[in-house]
Structure formats: structure tokens, C-alpha cells
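**Q** My structure is below; once you've seen it, I'll send some questions.
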Amino acid sequence: MGIPRGFIKQLPRIRGLIGYYGVHRQEGPVDIDGLITEKLKIKLRYADFDQDEWIFGFSKVDEIQTKKRFIVINQAKPYRTQRFVKGHELGHIWIHPPEDLPLMCNPLYESKALEREADYFAAYLLVPKYALESIRKYGNSFDDIALGLEVPRELVHKRFEIYMYQNKMEAGSIPNWNQVAF
Ligand SMILES: [Zn+2]
């Protein structure tokens, strides 16, 4: 299906926000909790969705006037998946109009445009560019990167797609990745 158009349209703004908040300033796993709770003052809650385990999380903009926002994460999911869902929920808050929230989210539910956009947002947020460049520089695999950044491997795939797209757009050429084993 490729990169969702809604995400590409917002990419310059997303890059601006990531730069502004210094999200990629340090190497290693992105401090997603710190970004959400300290820098953005968005409340982060954990819950067990026993009855609805297909729900990975949701985000809500409550009483728009007061800008009270919060994110709820299904704590029954694996740690790396929870980090992915946090990025995904922040994506909804940053790139989607408040009237579209809340969405009960399942990152695997790819038929919905908003869900796919939030997934690519999470990939862009949680997988910095330097990590992809480590493929060529140090021969790192997608699994190495996913492990180092504490994200699911699938997210590295999505970020790689964006990276290739950006290379094509910005440099007018695609690097030769044929000899790289993923
Ligand atoms: Zn969602």
C-alpha cells in the first residue's frame, strides 16, 4: 500500500516538531514517555483491556478549550509494542483533527487511513535517521535496529520506506541497498 499520502503531506510539519522538541538529539531509544508527559504535558495512562484485547490503546482530546489530552495504553501488550502504540497515539494528537478522536487503535488494522498515518508517524518518531544509516555504516540489520531502539521490527521497515522515499525526493537517486541483508 505504500506510505499514506496524509502522512507525506504532514512530513515537513512533523520534522519541525521533532526538531523543536529535540526528540532525536540523543542516540538510543527515543524517550517517548518523557516527550509525552514532560515536554507535551499529555497524560499517559495504562489499562488492561481484558474484554477488548484487540485494542492497543487510544488517545482523547478532552474538553478542547482546556486542551486536556491523554493517552491510554493497553499494558497487556509487549513492551516494544507499547512504545509503538505511544508513538501511534501521539501521531493522532499531532496530525489529526481533534474531532476524529478518540479512535480505538489497533496498529494492525491497516485498512483505515488514519491508522496507517499514525503508524508511519510512529515509525518516523521512534526510528531516527542515524539508525538507518547504521545499516550501511556498520552492517546492522533491521532486527539490530529494532532491538537497539526498543521498537517492533515492523516499525523499522516502515521507517526504511520513508527513508527511501525521502532519498528519492531529495537527492533524486536511490542508494544501492541490494547487497544489504535484512
Ligand atoms: Zn490509531
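**Q** With respect to Lys86, determine if the residue is within 13 Å of the ligand (Cβ to nearest atom), under 22 Å from Gly148 (Cβ atoms), crowded, with 16+ Cβ neighbours inside 10 Å and not β-branched (Val, Ile, Thr).
**A** Yes.
**Q** Among residues belonging to region 118-162 that are in contact (Cβ under 8 Å) with a residue 40 or more places away in the chain, among the aromatic types (Phe, Trp, Tyr) and farther than 23 Å from Ile93 by Cβ, point out the one that is farthest from the ligand (Cβ to nearest atom).
**A** Tyr130
**Q** On the basis of being in a helix (DSSP H, G or I) and within 18 Å of Phe58 (Cα to Cα), does Glu154 make the cut?
**A** It is false that Glu154 is in a helix (DSSP H, G or I) and within 18 Å of Phe58 (Cα to Cα).
**Q** Let me ask another. Output the number of residues of region 23-51 satisfying the condition of being within 20 Å of Val127 (Cα to Cα) and touching a strand residue (DSSP E or B) at 6+ places or on another chain (Cβ under 6 Å).
**A** Count: 2.
**Q** Which residues, counting only those in region 1-40, are in a loop (DSSP other than H, G, I, E, B) and either without any contact (Cβ under 8 Å) to a residue 12 or more places away in the chain or in contact with a Leu (Cβ under 7 Å, 6 or more places away or on another chain) (or both)? Talk me through it step by step, then tell me what you get.
**A** Going through region 1-40, the residues in a loop (DSSP other than H, G, I, E, B) turn out to be 1-4, 21-31, 40.
Correct list: Tyr21, Gly22, Val23, Arg25, Gln26, Pro29, Val30, Asp31.
This table checks each residue for (1) closer than 20 Å to Lys41 by Cβ; (2) at pLDDT 95 or above; (3) surrounded by 15 or more Cβ atoms within 10 Å (Cβ to Cβ).
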{"position": "Val72", "(1), (2), (3)": "yes, no, yes"}
{"position": "Val127", "(1), (2), (3)": "no, yes, yes"}
{"position": "Asp143", "(1), (2), (3)": "no, yes, no"}
{"position": "Val151", "(1), (2), (3)": "no, yes, yes"}
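**Q** Pairs only if they're at least six apart or on different chains, beta carbon under 6 angstrom, first in region 74-102 and within 15 Å of Lys112 (Cα to Cα) and among the aromatic types (Phe, Trp, Tyr), second part of a loop (DSSP other than H, G, I, E, B) and more than 10 Å from the ligand (Cβ to nearest atom); list them, first residue then second.
**A** none
**Q** Can you tell me which of (1) in contact (Cβ under 8 Å) with a residue 40 or more places away in the chain; (2) surrounded by fewer than 17 Cβ atoms within 10 Å (Cβ to Cβ); (3) of a type in the set (Gly, Ala, Ser) is the one Ala47 doesn't meet?
**A** (1)
**Q** Consider Glu115 against the criteria (1) within 17 Å of Asp33 (Cα to Cα); (2) within 12 Å of the ligand (Cβ to nearest atom); (3) charged (D, E, K, R): it satisfies all of them except one. Which criterion is unmet?
**A** (1)
The values are calculated or read from the model by the stated rules, or taken from the named source; none is laboratory data. This one's a predicted model, so the numbers in the text were calculated from it and none came from an experiment. Cβ sites come from the backbone with ideal geometry, for glycine too, and all protein chains shown count toward neighbours.
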